[in-house]
Structures are given as C-alpha cells and as structure tokens.
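The next block holds one structure in the form of structure tokens; read it before the comments.
Derivation of every value follows stated rules applied to the coordinates shown; laboratory data play no part. None of these values were measured; they are calculated from a predicted model. Here the Cβ positions follow ideal geometry from the backbone for every residue, glycine too, while neighbour counts run over all protein chains shown.
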C-alpha cells in the first residue's frame, strides 16, 4: 500500500477530498443513529505530537480514534521536543516503528515536512504556520451538508492571509470554487500558494468587495497563538476587517458564516453574526471529529 501523508491540502486530489467528505457525512450520520465503527481501526495507534496546544484538535483526534476502535497517544511539548532534544529525523524513524500514524501540531511547517521525509507511516498536519488542512476538511464537510457541492461557489475570506487562508486557496483550485480573500496590505497569503491558484483566487483589500454575493463568509482571529507580541499592531492593521451583520448582508441571502474557533467576539466577528442564523460554527467544530475519522481511515486503509 502506498504511503500517503496529509501535510498540505494539496496532498489530496479534488476527487479524494469529495470522497473523504462523503465518508465523513456517512460516519457522522451512522454514529448519530447508534451504529458503532469500532472495528474499522481496531488496534491501530495514532501518535499525536503537540508543540502547540488545542482543544478541538486533541479532542477530535482522540475521540475519533476511540470511536473507530483504535487508540491515540498524546505527546506534549514536555514529552517530545522536535529537533531540540532529538533530531526530527530520528524521532520520525523511532515513532514509525511504534505507531500506525502520526499527527503533528507545531509552528514551523518545515518541521512536519522533515518528519514526513523520514517517517514510514502516514503523517497528518494538525496545524502549522503555513496550513491547517484538517480544519478545511471539516469546513467543506459542513458546507456540503448545508448547501451541497461547493463547486462554482464564491467564498469570502476576511482577515489575515494565514494558514487557514492558504488551505482555502488550495481547496478553491482543487474543488472549483472562487476564493475572494480580503487581507490588509502586508498580511497576504503565501505568494507561492496564491500564484498556483490562478483565477481561483481573487485577492482584494476591501472586505465588502470580497463579501459581495458570497455563498460562504469565513474569518479567523487577527493574532494567532505565537503572535501575541504583534497583537497591538495587528488590531490597528485589521480595523475594518470585521464581520458584522452589515457585511453579511452583502453576501447572498442564504450565505453561511464559518470560523475555525476560538473566536474573539467583537474583534474579528460580532456576537450577532457568530450566534446568528447564518452561523454554522458549532456544526463546523463537531465536524472536525467526523472529517478526521474519514481522513485517518483513508490514509491507513484506502490510499
């Protein structure tokens, strides 16, 4: 069986993404109907390396493995220090002999790429400074459940051209939708990723322009973990990049709102929008569980 990693959203084809999303929807519905899946990954072990903490990432992967009959091993920054206590290459080779899959949540994307080069089991990106592809699977599952296929739709990204934005750009190219990204000057997405997207990416400075006629509006915090020292400068730069009811009215009447959470109410998004009828953030958060179950199953059993 061919070894597959999920370091970037571009590691999957559009057809594979749709296959995983449909499987995630199936697993979710069957779970809600009381059907158990604890035979699928029986005795499989997922090693989870967290250099950067997270509520949703840890709980969703850990619970997901349990629901599929496997196990998850949590390794905190105190348990393993990638590239500091032991070379990344050595850690990758050792863990590959003990677990069936590795999920890494860290800062530098280069770390996870080095780890994957020496790993002999699938490696999953739980978040790096360049991409957050596992979250994108959950977002796409949520949109598909609520509105059907995202092909041909317009998605508005409002705010920082960060790891989430980069993953959305990949998804736009692979799945055939347009991403209108409104970012302040100096906070654009990765230029290499943007260039590869071609016409799938529309980069603008005005959030209103991005939101106009959008089928989906997405935002994220202005300062992510590790950027605390930039918070004041970022707050000033992102003035006006605020998703409120007025901005949502520019989108299509049936447009959805998403946020990967945690959200800072009244900073990047109003409480009215976050808690409003167009918001699907809680379903989106739950879908981390189901999308990642489908992803791990795909990487371990069906590449």
> Once both axes come from the Cα atoms, what is the angle between helix 55-67 and the longest principal axis of the chain, in degrees from 0 to 90, rounded to 10?
Replying inline: 50
> Which parts of segment 50-72 would a label at residue 22 reach, counting a residue when its backbone N lies under 19 Å from a point 7 Å out along Cα-to-Cβ?
Replying inline: none
> Taking Cα atoms, how many degrees apart are the long axis of helix 281-301 and the longest axis of the chain, rounded to 10 and kept between 0 and 90?
Replying inline: 40
> So for the pair residue 283, residue 15, with labels modelled 7 Å out along Cα→Cβ, what separation do we get in nm?
Replying inline: 2.9
> Points 7 angstrom from Cα along the Cβ direction at residue 264 and residue 55: gap in nanometres?
Replying inline: 1.7
> What's the center-to-center distance, using Cα atoms, between segment 20-61 and segment 148-222 in Å?
Replying inline: 28
> In degrees from 0 to 90, rounded to the nearest 10, what is the angle of the helix 109-118 Cα long axis to the longest principal axis of the chain?
Replying inline: 30
> Reported to two decimal places, what Rg/Rh ratio describes the chain when computed on Cα atoms with Rh from the Kirkwood expression?
Replying inline: 0.96
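Hey, fewest Cβ within 10 Å first, where do 147, 130, 84 land in order?
Details: 147 15, 130 22, 84 10.
In increasing order of surrounding Cβ atoms, one gets 84, 147, 130.
Regarding segment 135-284, what whole-number volume in Å³ per residue does the convex hull of its Cα atoms give?
Numbers: hull volume 14.8 nm³, N = 150.
It is 98 Å³ per residue.
Roughly what % of DSSP beta bridges within the chain run antiparallel, to the nearest 5? Working shown, then result.
On the way: 0 of 36 bridges.
So the antiparallel bridges amount to about 0 percent of the total.
If each residue's Cβ is checked for other Cβ atoms within 10 Å, how do 91, 142 rank with the fewest at the top? All intermediate terms of the calculation are to be shown ahead of the outcome.
Details: 91 23, 142 27.
The most exposed by this proxy come first: 91, 142.
Exposure proxy check: 222, 282 ranked by fewest other beta carbons within 10 Å?
On the way: 222 25, 282 12.
By the 10 Å Cβ count, ascending: 282, 222.
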> Going 7 Å from the Cα of residue 212 toward and past its Cβ, which residues in segment 179-198 have a backbone nitrogen under 20 Å from where you end up?
Replying inline: 179-185
